[in-house]
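The values are calculated or read from the model by the stated rules, or taken from the named source; none is laboratory data. These numbers were taken from a predicted model, which means no experiment stands behind them. Quick reminder, even Gly has a Cβ in these numbers, built from the backbone with ideal geometry, and neighbours come from all protein chains shown.
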Amino acid sequence: MVKQTIKIFCRVKPTKGKTGLYEVDEEESGGPKLSFFVPKDQSQIVNNTKEEYNFRFQRVFEQQTKQEEVFEHVAQPVIDNAISGYNGTIFAYGQTGSGKTFTITGGAERYTDRGIIPRTLSYLFEYYEKHPDFTYTTHVSYLEIYNENGYDLLDPKHEAAKLEDLPKVSLMEDTDQNIHLKNLSVHQAMNEEEALNLLFLGDTNRMIAETPMNQASTRSHCIFTIHLTAREPGSATIRRSKLHLVDLAGSERVGKTGVVGTLLAEAKYINLSLHYLEQVIVALSEKSRSHIPYRNSMMTSVLRDSLGGNCMTTMIATCSVEKKNVDESISTCRFAQRVALIKNDALLNEEVDPKLMVLRLKKEIVELKDQLSLATGEQPTDELSGEDADRLQQMVRGYVEDTDPDATLPVGADMRKINECFRIFKRLVLERHPGKLGGVNNGGGEEDEEPSVSEDSGLGSAPSTAGSAEVKKLKDLLQQRDNEINILVNMLKKEKKRAQDAALILEERGIPFSAGEGPLPNGPGRPPSSRSKHRNREERSRDSMSISRSLGQPDSREKETTPPYSQSTTVRLRKLGGEMSVGRQEAFEIFKRDYEHSVTVDDQKGLLKQRYAEAKQLGEKVNSSRVQINHVKSLIQQHRMARAAQGVSEDVGFSEEPDEEEQHLRQQMEDEKASYKVTFNRLRVLKTEIEHLQHLLEKARLQMQKDFELWWAEQTVNAHAPDPGPAHAPQGGSSRRHGSLTDDPTADAEPIRASHSYHGNLDAVGLGHHGDRRMSSHSDSSGSHGRVPRHREVLEDSRSAAPAIPLTGDARADADIMAFFKARQKILQQQGKR
Ligand code: ADP
Ligand code: MG
């Protein structure tokens with residue numbers, strides 16, 4: 001059991017300029033000290049409050065710290081322990097926008113910004129490959145907890161776009177009070193690629209399910225769990241561990257200002273389950289408390305082991321140090337100090353596989369019985385059972401087939417078994433070499449036959465002296481020929497064996513003797529067990545590469561360039577946009593042109609294109625290396641054959657030592673293999689990067705599409721805002737429907753459907769599937785993060801009843817019409833002000 005307190009780290013998010021509001025003192029003996037300075041005059045706090053707040057951490061990651069460094073110091077020790085069988089948890093805590101998601105999952109733009117989860121997956125699979133002496137399995141689950149409900153982000157039926165419509169994950173407790181999650185799917189990942197795809201799928205699902213209403217990324221907790229098992233082949237014990245990587249909801253609180261004398265301390269969380277988390281932390285940090293209120297919320301129930309239980313837990317406090325965020329950062333650090341007091345007892349989760357154990361015990365019983373009979377000298381007298389005979393038969397066969405010269409046949413001291421084994425051996429020898437055994441008999445027979453030859457040659461008549469001399473001569477000649485034939489046969493046999501040995505030696509050195517499809521070089525000394533795994537991986541990589549290559553020519557149309565890594569994501573992306581009408585498609589094009597993040601998307605596309613080209617080049621190099629290796633292989637083979645043949649014909653034998661030419665060829669092959677390995681590894685790394693970039697691009701596209709929906713709605717409402725004149729007479733009574741857009745919150749129950757405002761070509765125009773989003777003015781938005789709330793303000797501000805504008809479906813004409821209405825609206829507003 002490992003007893004240790006929860007480790008706490010702090011990460012400071014980069015700011016544009018120096019704020020001078022904090023300082024890190026690395027020299028402190030009890031761990032680095034992070035200090036915040038809140039100037040009295042600007043703090044909006046009464047003067048008797050403290051100015052300086054000091055906090056100690058295991059380590060403080062300053063603004064410029066790279067993801068790689070955070071991974072190395074925070075995650076790597078936890079993963080190493082998880083591989084050894086200890087549960088681990090890493091959770092990020094901090095206000096919205098402070099970098100929790102950036103730290104746990106990664107940034108949206110660069111591959112180097114990938115966070116702890118993708119790096120953990122890479123690390124794990126790389127570790128497995130380096131340690132083929134163990135068998136590892138990896139399963140993954142991805143849970144989102146929003147509003148005390150759990151949702152499975154990897155649910156294959158994640159078709160519903162709204163979080164609320166998904167099947168809920170529920171908590172179950174067994175008799176031992178272990179928590180189980182019902183409806184949370186667990187997926188096996190055979191390799192890094194599969195594991196990353198699961199992460200990407202979950203992330204995309206999370207994004208699709210997020211709406212301005214639920215603001216899931218701010219208010220939900222996401223728990224990515226990796227379930228590991230490790231087993232040594234032949235051993236009955238399995239080590240199991242769980243690794244939770246947790247991105248908590250934003251920790252921002254209400255009432256943080258103006259609460260005289262109780263600055264920060266009594267501020268309330270916006271997120272209720274964080275409030276319960278704090279209660280649990282407080283209870284755990286107070287030694288006298290026996291009851292820990294884990295059950296108050298789903299999140300604390302799920303993370304029960306991580307908090308004060310069987311787990312090695314690490315917290316990353318993420319802080320923003322701009323002036324407006326300092327008090328939240330102080331809250332975050334205070335929370336961390338409490339967390340640091342919690343002691344966990346991590347246990348090695350080792351268990352015995354009952355099936356393997358039964359086998360082992362059975363074997364032990366047999367051995368003990370044998371020892372007993374040997375010690376007492378009492379031999380059992382009853383007949384061996386058929387089962388025993390069968391088992392012996394299998395054992396003997398296994399023993400004979402075992403190429404290990406030191407193999408043993410542990411039958412014990414039971415004479416019945418020993419005799420049975422001899423019987424089996426005899427049968428085997430007779431089965432396999434009937435000629436030989438027969439030969440021995442015949443050999444004996446030959447001598448017997450000899451007289452018959454003389455009898456035959458004598459033709460039954462009495463042998464004359466001349467005749468017998470002749471017979472003797474012939475017999476000698478026959479004997480001589482026989483000897484010659486034997487010598488030749490032996491020579492042939494020897495040559496054959498040499499050729500086989502040569503092939504074996506070559507095979508052992510990784511050079512198949514046959515020119516056929518040999519295994520690809522896997523690098524020196526790779527044990528055979530990992531070879532097949534490696535080969536599969538290479539093959540899979542080759543397959544994916546060819547897919548990637550076929551994508552090498554990005555098409556200008558959005559749909560066609562959608563990456564192939566996740567079909568389901570692609571399908572959903574299209575669903576999100578809905579079938580666009582011509583007009584809306586045009587609007588989308590204009591939107592894209594002016595989209596603030598389009599530069600990022602373009603950059604990513606450019607980078608991706610560049611990577612495709614690189615991958616293509618590397619792929620070609622790998623292929624040509626492979627061809628070259630096979631070519632040299634067959635040259636070596638031909639050369640050895642030629643030498644062997646020459647040895648036979650010139651009767652000089654065949655030397656095992658490679659001659660100069662063969663040495664040269666071998667060197668050539670080694671060089672080619674080394675270059676193959678380097679290129680292949682580069683290709684593999686590049687492939688992971690490409691997949692990551694594809695995912696980022698997909699996410700950027702999804703975001704753009706979501707922003708477009710909002711922009712579109714905004715445009716529509718803006719255009720509708722002016723006083724309804726006769727010119728805007730709606731078609732088909734749509735104004736009635738639009739009449740639901742009033743300030744009456746109850747009217748919000750009626751979904752906004754922008755499509756109702758249009759006619760003709762734009763019939764299909766609308767909020768797509770967002771049409772069922774409810775626009776509510778009583779959302780307790782935690783703040784001003786991101787673009788979405790800005791759009792919502794516009795929408796909410798413009799909620800006056802508005803009829804539809806008749807549009808034509810022709811983009812240019814419609815743009816003119818929109819421009820006209822906008823101008824008109826401005827004039828009206830100005831008139832109104834006057
Ligand atoms: P949170 O998940 O805490 O709400 P995010 O991780 O989404 O915050 O971060 C908010 C923004 O700040 C994102 O655009 C993110 O890329 C950026 N960001 C956060 N931390 C860093 C960092 N260490 N370096 C660079 N950018 C960061
Ligand atoms: Mg986040």
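Scanning region 208-225 for residues that are modelled with pLDDT of 90 or more and under 11 Å from I145 (Cα atoms), we see that the one that is farthest from ligand 1 (Cβ to nearest atom) is I223. Quick one: is V70 modelled with pLDDT of 95 or more and within 16 Å of ligand 2 (Cβ to nearest atom)? The answer is yes for V70. With L201, L228 as the choices, which residue is assigned to a helix (DSSP H, G or I) and more than 16 Å from ligand 1 (Cβ to nearest atom)? From the options L201, L228, the qualifying one is L201.
Candidates in region 187-226 are the residues that are in contact (Cβ under 8 Å) with a residue 60 or more places away in the chain and of a type in the set (D, E); of these, the one that is surrounded by the fewest Cβ atoms within 10 Å (Cβ to Cβ) is E193. Residue check: is V169 more than 30 Å from L356 (Cα to Cα), more than 16 Å from ligand 2 (Cβ to nearest atom) and either assigned to a strand (DSSP E or B) or β-branched (V, I, T) (or both)? So V169 passes the test. Out of G106, G97, one residue alone is touching a residue at least 60 places away in the same chain (Cβ under 8 Å), crowded, with 18+ Cβ neighbours inside 10 Å and either within 15 Å of ligand 1 (Cβ to nearest atom) or more than 34 Å from the chain's Cα centre (by Cα) (or both). It is G97. Among the criteria (1) away from ligand 1 (no atom under 15 Å from the Cβ); (2) farther than 30 Å from I238 by Cβ; (3) at pLDDT 90 or above, the one R114 does not fulfil is (1).
For region 565-591, residues that are assigned to a helix (DSSP H, G or I), at pLDDT 60 or above and either surrounded by 18 or more Cβ atoms within 10 Å (Cβ to Cβ) or aromatic (F, W, Y) (or both) total 5. Annotation: of all residues in region 16-40 being basic (K, R) and modelled with pLDDT of 85 or more, the one that is nearest to the chain's Cα centre (by Cα) is K16. State whether the residues of region 134-144 include one that is farther than 17 Å from I223 by Cα and under 14 Å from the mean Cα position of the chain (by Cα). Yes: region 134-144 contains one or more residues that are farther than 17 Å from I223 by Cα and under 14 Å from the mean Cα position of the chain (by Cα). For region 77-99, does any single residue satisfy the condition of being closer than 18 Å to N197 by Cα, within 16 Å of ligand 2 (Cβ to nearest atom) and in contact with a strand residue (DSSP E or B) (Cβ under 8 Å, 6 or more places away or on another chain)? Within region 77-99, not a single residue is closer than 18 Å to N197 by Cα, within 16 Å of ligand 2 (Cβ to nearest atom) and in contact with a strand residue (DSSP E or B) (Cβ under 8 Å, 6 or more places away or on another chain).
Annotation: L124 fulfils all but one of (1) surrounded by fewer than 22 Cβ atoms within 10 Å (Cβ to Cβ); (2) within 16 Å of ligand 1 (Cβ to nearest atom); (3) at pLDDT 95 or above; the unmet one is (2).
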